[in-house]
1. Is the shape of the range B:1-154 best called rounded, prolate or oblate, per the rule: a/c under 1.5 gives rounded, else a/b larger than b/c gives prolate, else oblate, with a ≥ b ≥ c the square roots of the Cα gyration tensor eigenvalues?
2. Find, among the GluC sites (Glu not before Pro) in the range A:122-189, those assigned to loop by DSSP (not H, G, I, E, B) with at most 14 other beta-carbon atoms within 10 angstrom.
3. Between the range B:212-249 and the range B:109-179, how many Å separate their Cα centres?
4. If you roll a 1.4 Å probe over the heavy atoms of the protein chains, what accessible area per residue do you get for the range A:1-95, in Å²?
5. Checking buried surface per residue: for the range A:74-100, which residues lose a minimum of 40 Å² accessible area in the protein assembly relative to the chain alone (1.4 Å probe)?
6. Semi-axes of the equivalent ellipsoid for the range A:62-128, please: Cα gyration tensor eigenvalues, times 5, square-rooted, ordered largest first, whole Å.
7. Can you pull out the chymotrypsin sites (Phe, Trp or Tyr not before Pro) in the range A:1-104 that DSSP calls coil and that have at most 15 other Cβ atoms within 10 Å?
8. Once you place label points 7 Å from the Cα toward the Cβ at residue A:199 and residue B:9, how far apart are they in nm?
Amino acid sequence: MSIMAYNGASVVAMKGKNCVAIASDRRFGVQALTVSCDFQKIFKVNDRLFYGLAGLGTDVQTLSERFRFKSNMYKLREERDLEPKTFAHMVSSTLYEKRFGPYFVEPVVAGLDKKGEPFVCSTDLIGCINFAKDFVVAGTASQNLYGMCETVWREDLEPEELFEAVSQALLNAVDRDCLSGWGAVVHIITPEKIITRTLKGRMD
Amino acid sequence: MGDRYSFSLTTFSPSGKLVQIEYALNAVSQGITSIGIKSTNGIVIATEKKTPSVLVDDSTLEKVAPICATIGVVYSGMGPDARLLIAKARKAAQAYKRVYMEDPPVAIMVQEIAAVMQEYTQSGGVRPFGVSLLVAGWDAHRGHSLYQVDPSGTYFGWKATAIGKNMLNAKTFLEKRYAESLELDDAIHTAIQTLKEGIEGQLDASALEIGIITTDHAVGAGVETHPHADSDGMRFRKLLPHQIKDYLDNVA
């Protein structure tokens, strides 16, 4: 079976009107056995930049620690916050370093740049960036997420509308995937604040 | 070199000075004067290309050099030492771009160059660099900035400065003529005037090298940056000979 589907995970990010959303499921399993339902897959870089990692659990944890190191060093050296695009390129080069022995993750980046413009992108496991105009998906339910996002996403959704859209997209996508689910976490990033909500979906 | 000389040649004197660095600064003071002036809408760095004989083909000598699309340097002191630092700086800029897909901010570039220069004051078997550099650049975070880097690895931000042979007189001259409201064209004129003050005889357009940080991305010659770069940012450009001649004619 595919190593990317060993632990199971799903992550999605969407652009809204002066806001972005990023959401993930909470399941951590070992093939069919569910081991935990509060596994963190989305991480904060700064108040305007989040990223999520879908894929092999150990690589999710190791990479999140590596990115924390790199972004802290950046902040100290450059005396400024990381921009989403810059972070995306940092993720890309970090993954490509391991081109012939890769990290088994599919990252999703979501944030607002310094002008307040929404930004989302995803990369493959070796760092090819997909800059999207609308939404990005990753994980074992990615095919389902593509279908759901295509259906519910519209341009210029306000923060609360965006929350509904991304939540429905994620919840219904993971319901058709045995390896994703067991709860969800949604972050909405606006220029003023971050709204974080934990969803209880079908716990199976 | 390092295996036989594991000890540094730059050692403290009883008074607490690193004499090798003092001597390196002397080497810089023997070098041709270089000027840097910050204006409201750009920076100018300039120097005179002085060759030992009229037979020298001075088109092969480059003292004002681009590091990347948004940063350029000029040096005073030993040419070969400067060339090595410029090569390292260019490589460092590309290494930064490999990770972040952006040109490095000026402050970061300056820190990297300064770190190299400091390394050579504390490593085995090497001597300090016999150059001071004026680094002019632009980044989206801090705008345009002008820095001086010395053989010790110390760096300073400047509004206007001079390094090399005539630096004391030149800085006095600049103190009188510098104003916060100076625009790039005025700054270029002032830089040429300052250089003129230091030399006996005529200043030849072909002997002048001028580099500018400007919003005009097409003036003179420069390094291309990647397609995603800030299209409304400033770039480092070297003035072409006929452009230098125009400025020189206006000064005279």
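The values are calculated or read from the model by the stated rules, or taken from the named source; none is laboratory data. From a predicted model like this one, the values you see are computed outputs, not experimental measurements. Heads up, the Cβs are rebuilt from the backbone with ideal geometry, glycines too, and the neighbour counts pull from every protein chain shown. Accessible surface is based on the protein model in full, side chains and every heavy atom, while ligands, DNA and RNA are left aside. Shrake-Rupley method; radii C 1.70, N 1.55, O 1.52, S 1.80 Å.
1. Since a/c reaches 1.5 but b/c is at least a/b, the shape of the range B:1-154 is classed as oblate.
2. Sparse-neighbourhood loop GluC sites (Glu not before Pro): A:155.
3. If you average the Cα positions of each part, the centres end up 22 Å apart.
4. 40 Å²
5. Relative to the lone chain, where solvent access is computed with a 1.4 Å probe, the range A:74-100 loses at least 40 Å² at A:77, A:78, A:80, A:86, A:89, A:93.
6. 21, 15, 9
7. A:100
8. Calculated label separation equals 6.8 nm.
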